[in-house]
Amino acid sequence: MHTTSVNDYLRQHIRTVSDWPAPGVQFRDITPLLQDPKVFRILIDAFVHRYMDPDMRPDVVAGLDARGFILGAVIAYELNVGFVPIRKKGKLPFTTVEETYELEYGSATVELHTDAVKPGDQVLLIDDLIATGGTMMAGKKLLEKLGATVMEGAAIVDLPELGGSKLLQDTGKLPLFTLVDFEGH
């Protein structure tokens, strides 16, 4: 670890699964990052150290269903701020707002409880990876419907060839922080 950067170290622990979930796809599996306690701590610390800075400290961390829950809850705990889940439609029991977004084949809808954030809250929005950017953009729109400001989107992995990070930054005006870029998909 001492001779490599944190980003390179994390990259070495991301498993690539060829032809999953479809032929030609190189799936970037982050579960090995979570399985080893040392690697998991280094991963979480990379985010926590960034957001401990008073200029970058969120009021709330929002995690996108489902791997964003794992990261977001731990980061929120370490920062001593609240955590809110953004779930797939039909999974939250209270009054919700929803946002539908396009997928490669069809569409999906995510929801957020109406009392999850307050107007003016500065929110860190987190997921495991950025592919087409649809899920993160939908999460941003949900939080903004409730009057919050998404200060930054964060993910472990960016797949720049799929255009999501460019869409989020250019169209969505969302600053992004990612730890590992993988060319190809």
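The values are calculated or read from the model by the stated rules, or taken from the named source; none is laboratory data. Quantities reported herein were computed from a predicted structural model and do not represent experimental measurements. Please note: Cβ atoms are built from the backbone with ideal geometry, for glycine as well, and neighbour counts cover all protein chains shown. Side chains included, ligands, DNA and RNA excluded: accessible areas come from the protein's heavy atoms. Shrake-Rupley method; radii C 1.70, N 1.55, O 1.52, S 1.80 Å.
Among (1) within 29 Å of residue 161 (Cα to Cα); (2) surrounded by 15 or more Cβ atoms within 10 Å (Cβ to Cβ); (3) touching a residue at least 12 places away in the same chain (Cβ under 8 Å), which single condition is residue 82 missing? Only one criterion is unmet by residue 82, namely (1).
Residues in the stretch 138-165 that are more than 23 Å from residue 6 (Cβ to Cβ), among the charged types (D, E, K, R) and touching a strand residue (DSSP E or B) at 6+ places or on another chain (Cβ under 6 Å): 140, 141, 145. Residue-level check: of (1) touching a His at 6+ places or on another chain (Cβ under 9 Å); (2) assigned to a loop (DSSP other than H, G, I, E, B), residue 32 misses just (2). Give me a count of the residues in the stretch 44-64 that are surrounded by 17 or more Cβ atoms within 10 Å (Cβ to Cβ) and in contact with a strand residue (DSSP E or B) (Cβ under 7 Å, 6 or more places away or on another chain). Number of matching residues: 10.
Residue 95 satisfies every condition listed in (1) over 20 Å from residue 61 (Cβ atoms); (2) touching a residue at least 24 places away in the same chain (Cβ under 8 Å) except (2). Screening the candidates 122, 169 for the property of being in contact with a strand residue (DSSP E or B) (Cβ under 7 Å, 6 or more places away or on another chain) and free of Cβ contacts under 8 Å to residues at least 24 places away in the same chain yields one hit, 169. Condition check: within 13 Å of the chain's Cα centre (by Cα), farther than 15 Å from residue 176 by Cβ, modelled with pLDDT of 95 or more and surrounded by 22 or more Cβ atoms within 10 Å (Cβ to Cβ). Does residue 75 satisfy that? Spelling it out, residue 75 is indeed within 13 Å of the chain's Cα centre (by Cα), farther than 15 Å from residue 176 by Cβ, modelled with pLDDT of 95 or more and surrounded by 22 or more Cβ atoms within 10 Å (Cβ to Cβ). Scanning the stretch 108-159 for residues being more than 20 Å from residue 59 (Cβ to Cβ) and acidic (Asp, Glu) gives a total of 3.
One line per residue, one yes/no per condition, for (1) open to solvent by less than 10 Å² (accessible area, probe 1.4 Å); (2) out of contact with any helix residue (DSSP H, G or I) (no Cβ under 8 Å at 6 or more places or on another chain):
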position	(1), (2)
103	no, no
112	yes, no
115	no, yes
119	no, yes
123	yes, no
130	yes, no
144	no, yes
154	yes, no
